[in-house]
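The values are calculated or read from the model by the stated rules, or taken from the named source; none is laboratory data. None of these values were measured; they are calculated from a predicted model. Note: ideal-geometry Cβ built from the backbone for every residue, glycine included; neighbour counts use all protein chains shown.
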Amino acid sequence: MTTQPPVERLAAIVGTQGLITDARDMEPYVVDWRRYYRGRTSAVVRPASTEEVAAVVQLCAETGTGIVPQGGNTGMCGGATPSAAGNEIVLAFGRMNRVLELDALNNTITVEAGCILANIQQAAAAADRLFPLSLGAEGSCQIGGNLATNAGGINVLRYGNTRDLALGLEVVLPDGRVWNGLKGLRKDNTGYDLKDLFIGSEGTLGVITGAVLKLYPRPRTRLTALIAVANPAAAVQLLARLRGACGERISAFEILSRLCLELVLKHIPGTREPLPQPHLWQVLVELADTTAGGSLRDDFERAVAEAGEEGLVRDAVIAQSTAQAQALWRMRETIPEASRDEGLLYRHDISLTVSGIPEFIATASAALERSFPGVRIICFGHLGDGNLHFNCFVPGRNKDDPAARDASDVNRVVLDIVHQFGGSFSAEHGIGQTKRGELAYYKSALELDTMRALKRTFDPRNIMNPGKVLPSESGK
């Protein structure tokens, strides 16, 4: 039988400064970033060390208490929000925020799970290195959450997902034992790669407490540009042309529909139209070179000019300063915030082959318009790696209507087409609570059975982030 661990026993582990029990103080921890999920908890536990995490987990294992690991609470799928039952504790990592080691010669940085992503970037920059993971929430998200969801971000095209940036992990298992895999090795062929089981598992198999991450040479030259293109097919062709001309120097290639920019201009103060005339489609491109004074700009301008002669490019602006580059990126990175302020948004974080994206956009847009006349489609994302955010507002639906918040009818239209195109219904935001039904519907029985077997092996009492990721045997 599940019981709550006595508050005094939790306090004995983390101290009074590491324990929150007042309802008002716990409020930020029981509501997700989208304000879509609200849960309850008897305690928010804020450990200051791996040893304290292990002791808390061991206590919860004894009492059968559910544990909801939480980083910066910036997730999109409710994966870090406790249930409404109130029988779980929230394990928050804000106090475990130290950089433990930076090895510039090995190009690695070792950090605790509560390190804010932007702080890791800054620590790398101070050592003349680059940690390339970058996303809109980098000023508040924590690396433990990035690892737990295998976050993507804007630089996946060049550097890969968070999984590709991790060399080693430290993890507290569901019985309180600590696996210390904090190794900075790029080759270690000694059996199963345990770290890859925990990356992307959203805290359902164990609690990530530390990581060894890859660093890269710091770019000496950057170029950021916003380019108006004829349509998504032209964007894909432009990407191929730029890859041919500029090679691996392309670090980001983002597509933005006109409606995305209109939302940002409406809801985000200080933003302004970046091009003289509005266009239905734009791409935001960033290139970086680790050598100074090279041919980056010349190669880029030549490729864009040739694309313009072929009718692929309608207009373009190149940032002339860091401030201008940041302003262009702010347009892209605040789309989720602007969308949230507009109303009830049905979100689809999908991935497809890059070549298949134009046909998918046309097919899915037509299907949504047939099913929901007047639908507004908010399409943007990391075109360079095939990750698209294909979201929409449906007329007459609002956040206060529980029936409208059930996205099953909209999701089925979009995700059936994703499945038809051989894509994935979750590219970088994870499953959490939101997508458990989709996992049951689109994953094969073999895949689900294998994942459930892993869960039972690691967490037989189901205390690690219960109710997240895996659907029940009934499919819910």
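The set of residues in the stretch 229-250 being in contact with an Asp or Glu (Cβ under 6 Å, 6 or more places away or on another chain) and either within 17 Å of residue 365 (Cβ to Cβ) or buried (at least 22 other Cβ atoms within 10 Å of the Cβ) (or both) consists of 249 alone. Evaluating residue 357 against the criteria (1) more than 21 Å from the chain's Cα centre (by Cα); (2) not assigned by TED's automatic domain parsing to the domain that holds residue 266 leaves one unmet condition, (1).
Restricting attention to the stretch 50-66, and to residues there that are hydroxyl-bearing (Ser, Thr, Tyr) and in a helix (DSSP H, G or I), which single residue is nearest to residue 458 (Cα to Cα)?
The initial filter retains those residues of the stretch 50-66 that are hydroxyl-bearing (Ser, Thr, Tyr), namely 50, 63, 65.
Cutting the leftovers down to in a helix (DSSP H, G or I) gives us 50, 63.
On the way: 50: 19, 63: 17 Å.
Looking at residues that are hydroxyl-bearing (Ser, Thr, Tyr) and in a helix (DSSP H, G or I), I get 63.
Based on what the data block shows, is residue 6 loosely packed, with under 13 Cβ neighbours inside 10 Å and more than 31 Å from the chain's Cα centre (by Cα)? Spelling it out, residue 6 is indeed loosely packed, with under 13 Cβ neighbours inside 10 Å and more than 31 Å from the chain's Cα centre (by Cα).
Among all positions in the stretch 296-306, there is at least one residue which is touching an Asp or Glu at 6+ places or on another chain (Cβ under 7 Å) and under 26 Å from residue 159 (Cβ atoms).
Would it be correct to say that residue 76 is under 22 Å from residue 168 (Cβ atoms), part of a loop (DSSP other than H, G, I, E, B) and touching a residue at least 40 places away in the same chain (Cβ under 8 Å)? If you could, list the steps in order and put the result at the bottom.
Values: under 22 Å from residue 168 (Cβ atoms): no; part of a loop (DSSP other than H, G, I, E, B): yes; touching a residue at least 40 places away in the same chain (Cβ under 8 Å): yes.
No.
Rundown of residues vs (1) hydroxyl-bearing (Ser, Thr, Tyr); (2) at pLDDT 95 or above; (3) outside the structural domain of residue 378 (by TED's automatic domain parsing); (4) closer than 17 Å to residue 388 by Cβ, yes/no style:
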residue	(1), (2), (3), (4)
225	no, yes, yes, no
229	no, yes, yes, yes
232	no, yes, yes, yes
254	no, yes, yes, yes
257	yes, yes, yes, yes
272	no, no, yes, no
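Test residue 69 against the criterion of being in contact with a Gly (Cβ under 8 Å, 6 or more places away or on another chain), buried (at least 22 other Cβ atoms within 10 Å of the Cβ), not in a loop (DSSP other than H, G, I, E, B) and not hydroxyl-bearing (Ser, Thr, Tyr), and give yes or no. Taking the combined requirement at face value, the residue satisfies it. In the stretch 402-426, the qualifying residues are those that are in contact with a Leu (Cβ under 8 Å, 6 or more places away or on another chain) and within 19 Å of residue 35 (Cα to Cα), and the one that is surrounded by the fewest Cβ atoms within 10 Å (Cβ to Cβ) is 405. Determine the pairs where a residue that is within 17 Å of residue 460 (Cβ to Cβ), located within the stretch 193-208, has a partner that is small (Gly, Ala, Ser) and not in a loop (DSSP other than H, G, I, E, B) with Cβ atoms under 7 Å apart, the partner being 6 or more residues away or on another chain. As it stands, the answer is 201/148; 203/148, since those pairs meet every condition given. I'd like to know if the stretch 449-471 contains one or more residues that are farther than 28 Å from residue 135 by Cα, within 23 Å of the chain's Cα centre (by Cα) and not in a helix (DSSP H, G or I). Within the stretch 449-471 (the criterion being farther than 28 Å from residue 135 by Cα, within 23 Å of the chain's Cα centre (by Cα) and not in a helix (DSSP H, G or I)), the answer is yes, since at least one residue qualifies.
Going by what's in this entry, would residue 384 be described as outside the structural domain of residue 237 (by TED's automatic domain parsing), small (Gly, Ala, Ser), under 24 Å from residue 137 (Cα atoms) and assigned to a helix (DSSP H, G or I)? Lay out the reasoning, then the answer.
Numbers: outside the structural domain of residue 237 (by TED's automatic domain parsing): yes; small (Gly, Ala, Ser): yes; under 24 Å from residue 137 (Cα atoms): yes; assigned to a helix (DSSP H, G or I): yes.
Criteria met by residue 384.
Scanning the stretch 299-318 for residues that are within 21 Å of residue 265 (Cα to Cα) and surrounded by 20 or more Cβ atoms within 10 Å (Cβ to Cβ) yields a count of 1. Hey, any hits in the stretch 345-352 for a residue that's modelled with pLDDT under 95 and either among the aliphatic types (A, V, I, L, M) or out of contact with any strand residue (DSSP E or B) (no Cβ under 7 Å at 6 or more places or on another chain) (or both)? Yes, because at least one residue in the stretch 345-352 is modelled with pLDDT under 95 and either among the aliphatic types (A, V, I, L, M) or out of contact with any strand residue (DSSP E or B) (no Cβ under 7 Å at 6 or more places or on another chain) (or both).
This table checks each residue for (1) surrounded by 23 or more Cβ atoms within 10 Å (Cβ to Cβ); (2) assigned by TED's automatic domain parsing to the domain that holds residue 251; (3) over 21 Å from residue 284 (Cα atoms); (4) over 14 Å from the mean Cα position of the chain (by Cα).
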| residue | (1), (2), (3), (4) |
| --- | --- |
| 125 | no, no, yes, yes |
| 129 | no, no, yes, yes |
| 134 | no, no, no, no |
| 138 | no, no, no, no |
| 146 | yes, no, yes, no |
| 149 | yes, no, yes, no |
| 154 | yes, no, no, no |
| 163 | no, no, yes, no |
| 167 | no, no, yes, yes |
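The residues in the stretch 406-438 that are part of a helix (DSSP H, G or I), under 27 Å from residue 153 (Cβ atoms) and at pLDDT 95 or above can be counted, and the count is 5.
One residue alone among 415, 388, 454 is more than 30 Å from residue 237 (Cα to Cα) and hydrophobic (A, V, I, L, M, F, W, C), and that residue is 454.
Among the residues of the stretch 40-49, is any farther than 21 Å from residue 433 by Cβ, assigned to a helix (DSSP H, G or I) and over 21 Å from the mean Cα position of the chain (by Cα)? Within the stretch 40-49, none of the residues are farther than 21 Å from residue 433 by Cβ, assigned to a helix (DSSP H, G or I) and over 21 Å from the mean Cα position of the chain (by Cα). The residue that is surrounded by the most Cβ atoms within 10 Å (Cβ to Cβ), among those in the stretch 320-338 that are touching a helix residue (DSSP H, G or I) at 6+ places or on another chain (Cβ under 6 Å) and either hydrophobic (A, V, I, L, M, F, W, C) or part of a helix (DSSP H, G or I) (or both), is 335.
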